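Visitor: Please read through the structure below; I'll follow up with questions.
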Amino acid sequence: MKALRGVLQSSREQRGVTMVETLFVLPVLLVFILGIVEFSYAYRAKSVLNHAAEMVARTGSLTNACKPAMDRQIIISMAPLFMDANRSAWEIGLNSLSSHMLDRIDIATQLDIVSPTPDMFNAFKQDLMLGAGQIGDCGDKSLRPMKLNLVIPNDNLRFRSSAPKMIDGRRVSIQDANLLKIRLRYCHELVTPVLDHAIDMAQRLIPDSIFGAERRVFLTACANGGGTMSDLVPFKRRFVALTADAIVHMQTPVMGRFLGQ
């Protein structure tokens, strides 16, 4: 009987130790699983965003750095992140998204033309008469061939002077001014419970000197405007800002009107 009591006592103690170990391990395991889920969604969004940035930059290179044309390409390229059971891929491919969904994509994305800058344009601009092949499909009916336009020329670059000019503390040539660099931001909605609070709190602690104040302003605009949030739970979702850069060589001259000139 003593031996049996000893076995039972030992069994109880072992179960107690196992329960304590479980209490320590289970939260860590749950966080790990939630992290895998969140990372999977973020990785998918970043992959779509990278492809979208490349397509938007390519569109800009073919349309004289036309911002409206690039905005239309953003909608087409980012649409896969907004698919659901009510819209097929074919419908999205035909741009038949509702106006409400288009507004969401517009809020959840932000396009910046990093280069050429207005100062670069002013340094290399020329008044040229463009042919039909030098004007892209911007959707602007005022753009017609055989009209004088202020542009950064992109023809015969190998034979143009490569003498650099000092712009914003950098030495820039006309060949550099013909590189279109864009930055595309996207508000990725955090989907996992509990972990979304932790990630949101962590990113708020990151100083603006590391990622820039634009990131915080962009996230605030997403939260206030809705972004990709569900209609059923407005203003209660949390986001992280994903960023993708793309650089392409201009295939058409850069027009000053699209850089605010």
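The values are calculated or read from the model by the stated rules, or taken from the named source; none is laboratory data. All figures in this text were calculated on a predicted structure; none of them were measured in a lab. With ideal geometry, Cβ positions are generated from the backbone for all residues, glycine too; neighbour counts draw on all protein chains shown.
Visitor: I'd like to check something: does the stretch 75-94 contain any residue that is at pLDDT 80 or above and in contact with a strand residue (DSSP E or B) (Cβ under 7 Å, 6 or more places away or on another chain)?
Guide: Within the stretch 75-94, one or more residues are at pLDDT 80 or above and in contact with a strand residue (DSSP E or B) (Cβ under 7 Å, 6 or more places away or on another chain).
Visitor: Now for a different question. Could you say which residue among Ile199, Ile174 is at pLDDT 85 or above, surrounded by 15 or more Cβ atoms within 10 Å (Cβ to Cβ) and among the β-branched types (Val, Ile, Thr)?
Guide: Details: Ile199 fails: at pLDDT 85 or above.
Being at pLDDT 85 or above, surrounded by 15 or more Cβ atoms within 10 Å (Cβ to Cβ) and among the β-branched types (Val, Ile, Thr) holds for just one of Ile199, Ile174, which is Ile174.
Visitor: So, of the residues in the stretch 104-146 that are free of Cβ contacts under 8 Å to residues at least 60 places away in the same chain and of a type in the set (Asp, Glu), which turns out to be surrounded by the most Cβ atoms within 10 Å (Cβ to Cβ)?
Guide: So the residue we want is Asp106.
Visitor: Inspect all residues belonging to the stretch 243-256 and state whether any of them is farther than 30 Å from Asn156 by Cβ, modelled with pLDDT under 80 and outside any helix (DSSP H, G or I).
Guide: Scanning the stretch 243-256 turns up no residue that is farther than 30 Å from Asn156 by Cβ, modelled with pLDDT under 80 and outside any helix (DSSP H, G or I).
Visitor: Restricting attention to the stretch 189-201, does a residue exist that is touching a Ser or Thr at 6+ places or on another chain (Cβ under 9 Å) and of a type in the set (D, E, K, R)?
Guide: yes
Visitor: Ok, one more. Restricted to the stretch 17-71, and to residues that are within 20 Å of the chain's Cα centre (by Cα) and of a type in the set (Asp, Glu), which residue is surrounded by the fewest Cβ atoms within 10 Å (Cβ to Cβ)?
Guide: The qualifying residue surrounded by the fewest Cβ atoms within 10 Å (Cβ to Cβ) is Asp71.
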